[in-house]
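All remarks here apply to the structure that follows.
The values are calculated or read from the model by the stated rules, or taken from the named source; none is laboratory data. Bear in mind the structure is a predicted one, so any value in this text is a computation, not a measurement. Glycine gets a Cβ as well: all are built from the backbone with ideal geometry, and neighbour counts include every protein chain shown. Keep in mind that these areas ignore ligands, DNA and RNA; they rest on the heavy atoms of the full protein, side chains included. Shrake-Rupley method; radii C 1.70, N 1.55, O 1.52, S 1.80 Å.
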Amino acid sequence: MASVRYVAIGDSFTEGVGDELPDGRVRGWADLVAEGWAGASGETIEYANLAIRGKLVWPIVEQQLEPALALEPTHLSFNGGGNDMLRPRTSVSHIVAAFERVIERCDEEGVQLIVLSGANPSAQLPLSRVIQRRGDVLSAAVAKHLDERPDIVRALNWRDRELSTPGYWSDDRLHMNARGHHRVAARVLTALGYEPPAGWWSLPALPESVRLRDAAYYRQHVGPWVRRRVTRTSSGDGREPKYGSWTRFEPAAE
């Protein structure tokens, strides 16, 4: 059994949507953290990722937290609330209560918690001012809640202005691209006390894709999201975790 057993729970941010590999699988910052952790520590890292895209914060806690703890991890990362912020009625206290539950259970099980705030896509989205305001309030509330817990590792991304610029986001303007996921992974590794691989903070700019005009953007990305809200469905319905049990990341050979 490896000395570090790291499990990630969350939504599309943690699943890795936007960082698609050539074979169609998604990678994302949590996978990169496991890879970078093995490389920086020189040790095998056991890694699981139970995150499912489209999940609201309480379904993340109710459906993923206990299965994650049942794996007996040494470390657990948690992020949630991004999908809640896109709903018309969002209670910050309701979201913060989910963070409190995760903190409580990790304390009870002796698991080192890593808390992340999501990156800020608001400048390029419809209702940008509303999303910015909600995200500011949520980010501040979570940070305040952690003030008296220096033992909790935190990687807070919401106020990272560079990460909020278009070059770190995929065509849907909602999910980070590979550059964004590498930057978040660099922040997590730094918070864990490791030096991330050179360049992860800001990879070279990706080739510019054709930016969809507003009508095409709404048709291709906003319309399907609205239909899911009307039909009470989720992009994660029927999906299984990509790493529901332990997979191993080994240090690179010298």
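Restricting attention to region 180-209, the residues that are closer than 20 Å to Val26 by Cα, surrounded by 12 or more Cβ atoms within 10 Å (Cβ to Cβ) and of a type in the set (Ser, Thr, Tyr) total 1. Is at least one residue of region 14-27 open to solvent by 10 Å² or more (accessible area, probe 1.4 Å) and of a type in the set (Ser, Thr, Tyr)? Within region 14-27, none of the residues are open to solvent by 10 Å² or more (accessible area, probe 1.4 Å) and of a type in the set (Ser, Thr, Tyr).
Screening the candidates Val115, Val111 for the property of being at pLDDT 95 or above, over 15 Å from Leu56 (Cα atoms) and touching a Pro at 6+ places or on another chain (Cβ under 8 Å) yields one hit, Val111. Restricting region 111-138 to residues that are buried (at least 22 other Cβ atoms within 10 Å of the Cβ) and of a type in the set (A, V, I, L, M, F, W, C), the residue that is nearest to Arg173 (Cα to Cα) is Ala119. Being at pLDDT 95 or above and open to solvent by 30 Å² or more (accessible area, probe 1.4 Å) is a description that applies to Glu100. Touching a residue at least 24 places away in the same chain (Cβ under 8 Å), farther than 17 Å from Ser139 by Cβ and surrounded by 18 or more Cβ atoms within 10 Å (Cβ to Cβ), is that true of Leu76? The answer is yes for Leu76.
Taking the criterion of being farther than 26 Å from Ala178 by Cβ, surrounded by 20 or more Cβ atoms within 10 Å (Cβ to Cβ) and either of a type in the set (Lys, Arg) or under 18 Å from the mean Cα position of the chain (by Cα) (or both), would at least one residue in region 39-53 satisfy it? Within region 39-53, none of the residues are farther than 26 Å from Ala178 by Cβ, surrounded by 20 or more Cβ atoms within 10 Å (Cβ to Cβ) and either of a type in the set (Lys, Arg) or under 18 Å from the mean Cα position of the chain (by Cα) (or both). Looking only at region 144-179, residues that are outside any loop (DSSP other than H, G, I, E, B) and open to solvent by 30 Å² or more (accessible area, probe 1.4 Å) come to 6 in all.
Here is a check on your reading of the model: is Trp246 open to solvent by 80 Å² or more (accessible area, probe 1.4 Å) and either assigned to a strand (DSSP E or B) or modelled with pLDDT of 95 or more (or both)? No: the conditions fail for Trp246.
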